[in-house]
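Read the figures in this text as sums done on the coordinates, not as results from a lab. Only a predicted model underlies this, so the values are computations on that prediction, with no experimental measurement involved. Glycine also receives a Cβ, built like all others from the backbone with ideal geometry; neighbour counts cover every protein chain displayed.
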Amino acid sequence: MPKGVISIIPETRVCDIIAEGRKVNPDPMAKTHQGIIVQGTDGIWDVVVGQDIQNFLKIRGQALKGLQKYLENAKENFDAEAQIAAVLERIAQDIVTFAVTRGSSDDCTAIITMVSVEKERKTNAPPSKEQLPR
């Protein structure tokens with residue numbers, strides 16, 4: 001889309017989290033694959049590119065690895081406030097600050113979401129009673 005053109009149709013990219021997760025962590029014993037979704041207003045995307053986002057995620061790499069481990073093991077004891085919100089909020093703040101310092105003249109809002117996708121389990125066992133539709 002040409003610069004200066006406003007559209008109500010957002011740019012959308014699709015990513016297969018499981019396929020991408022296998023590239024990053026080919027461990028066949030991994031229970032889940034995690035991904036990060038970065039959403040931002042045009043004030044962000046006018047001055048920030050994908051490589052900038054990757055750099056922010058690399059800077060926060062240790063914290064993100066801790067979150068991945070937490071997500072993999074939390075299950076029913078999951079508490080979003082425990083660690084996740086603070087780390088993702090910090091990344092969002094970094095992106096907004098970066099866009100403003102790069103001279104963005106539009107509103108700058110970033111939303112960072114971490115998703116966890118459980119890998120499919122291949123089994124020949126019949127479904128349990130809990131798995132059957134009601």
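Structure data summary
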item: Efficiency of FRET from Cβ geometry, Lys3 and Val117, R₀ 35 Å, rounded to 0.05; result: 0.50
item: FRET efficiency for Arg90 and Cys15, using Cβ-Cβ distance with R0 set to 25 Å, rounded to 0.05; result: 0.65
